[in-house]
Amino acid sequence: MLNFEKLGKKNISFVGLMGSGKSIVAKKIARLAKLKLYDTDKLIEKEAGHSIEDIFREKGENHFRKLEEKIVINVLNQDNCVISLGGGSILSKNVRKIIEKNSFSIYLKVDINILSDRLKNSRRPLLVNTNKKEKLIELFNQRKKYYSNSSLIIENNKNANQVVEEIINKLKIDEKTNYI
Ligand code: S3P
């Protein structure tokens, strides 16, 4: 087990814009540290019984954000787990407060040009029928103050395995014992 007591937190969470690699990196860290993994987008879809695209289209962004806040807060109260948070969840002040209190948050920072390239075929609701790069710049400008408040900031302009290695070194997770 990871030594969360030493970290002074209940869990580890990943924040950042869509396409920044949160899901894949969280999955790899969870596997390595033998921790439970939560992906909040997946939990929202499970609870709603609809895809995120359908929720946005049928009920609108406000409805999605309310559902997201409820689910994200619930997960952020869990112990000993790794959480991949939807990119916009930090827009909620309540979510930001719980992250600060309970979570060792890791911001995966990615160059906007790389992001817009990675997301060129994405069907994410905020990116459809819009200039993706301009939208990503707008979202980044709106959110950067929250993302940069994270416990750790990691540049993720490289492949997932290199990023995982960097995080492990920073957290000093011993791969054999899984202690920090
Ligand atoms: C969103 C990010 C998405 C998803 C929804 C809205 C956002 O999650 O929650 O499309 O506002 O940035 P990912 O960051 O996991 O792609």
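The values are calculated or read from the model by the stated rules, or taken from the named source; none is laboratory data. A quick note: this is a predicted structure, and the numbers were derived from the prediction, not measured. Using ideal geometry, Cβ is built from the backbone for each residue, glycine included, and neighbour counts are taken over all protein chains shown. In case anyone asks, the SASA skips ligands and DNA or RNA and just uses the protein heavy atoms, side chains included. Shrake-Rupley method; radii C 1.70, N 1.55, O 1.52, S 1.80 Å.
Checking the conditions here, which among GLU45, GLU53, GLU68, GLU58 is within 26 Å of GLU138 (Cβ to Cβ), within 12 Å of the ligand (Cβ to nearest atom) and open to solvent by 60 Å² or more (accessible area, probe 1.4 Å)?
Values: GLU53 fails: open to solvent by 60 Å² or more (accessible area, probe 1.4 Å); GLU68 fails: open to solvent by 60 Å² or more (accessible area, probe 1.4 Å); GLU58 fails: within 12 Å of the ligand (Cβ to nearest atom).
Within the list GLU45, GLU53, GLU68, GLU58, the selection yields GLU45.
Just give me the residues in the range 138-163 being of a type in the set (S, T, N, Q), open to solvent by less than 70 Å² (accessible area, probe 1.4 Å) and within 20 Å of VAL95 (Cβ to Cβ), in sequence order.
If the condition is that a residue be of a type in the set (S, T, N, Q), open to solvent by less than 70 Å² (accessible area, probe 1.4 Å) and within 20 Å of VAL95 (Cβ to Cβ), then SER148, SER150, SER151 are the ones that fit.
Among LYS120, LYS93, LYS97, LYS172, which is the only one that is open to solvent by 70 Å² or more (accessible area, probe 1.4 Å), over 21 Å from ILE29 (Cα atoms), of a type in the set (Lys, Arg) and at pLDDT below 95? Explain how you work it out, then say what you get.
Working: LYS93 fails: at pLDDT below 95; LYS97 fails: at pLDDT below 95; LYS172 fails: over 21 Å from ILE29 (Cα atoms).
After applying the criteria, what remains is LYS120.
The conditions are (1) part of a loop (DSSP other than H, G, I, E, B); (2) surrounded by 14 or more Cβ atoms within 10 Å (Cβ to Cβ); (3) away from the ligand (no atom under 11 Å from the Cβ); (4) at pLDDT 95 or above, and ASP79 fails exactly one of them. Which is it?
Answer for ASP79: the failing condition is (2).
Looking at (1) away from the ligand (no atom under 16 Å from the Cβ); (2) not in a helix (DSSP H, G or I), which is the one condition that is false for GLU165?
(2) is the only condition that GLU165 fails.
Just one of the numbered conditions (1) among the basic types (Lys, Arg); (2) open to solvent by less than 60 Å² (accessible area, probe 1.4 Å); (3) in a helix (DSSP H, G or I) is not true of LYS9; which one?
(3)
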